[in-house]
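Before any comments, here is the structure.
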Amino acid sequence: MNKSPRLIPDSEVCRRYHVVPYTLWRWEHDPDMGFPQPVRINGRKHRIEAELDEFDARCAAERDARSHDHALDAGEAA
C-alpha cells in the first residue's frame, strides 16, 4: 500500500516557524536557503512534513557546526 506524505498547510507552517506568510514566500524563492517548495492543492500551498523535518535537521546541524567553530575560535583567543 502506497502511503501518501503528510501535507501541512502553509498557515500551520507559519505557526511552526513563528513567521508570516510573506516570510515563507521569501524562503521558497531563496535557492541558497533550501526551504521545501510548496505543493499546491486547490490553489492553496502545503509543504511535505518530511521535507520540513529534513530542513530543520539540516539547519540544526549547520547551527551546531557554527557554534562549534565559534567555541574553537573563542578557545584560541583565550
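Looking across the stretch 24-51 at every residue that is surrounded by fewer than 13 Cβ atoms within 10 Å (Cβ to Cβ) and either among the aliphatic types (A, V, I, L, M) or touching a Cys at 6+ places or on another chain (Cβ under 8 Å) (or both), the one that is farthest from Glu62 (Cα to Cα) is identified as Ile41. If you go through the stretch 1-49 and keep only what is modelled with pLDDT of 95 or more and hydroxyl-bearing (Ser, Thr, Tyr), you end up with Ser11, Tyr17, Tyr22, Thr23.
The values are calculated or read from the model by the stated rules, or taken from the named source; none is laboratory data. Note that the structure is a prediction, hence the values are computed from the model and not measured. Every residue, glycine as well, gets a Cβ built from its backbone with ideal geometry; the counts of neighbours run over all protein chains shown.
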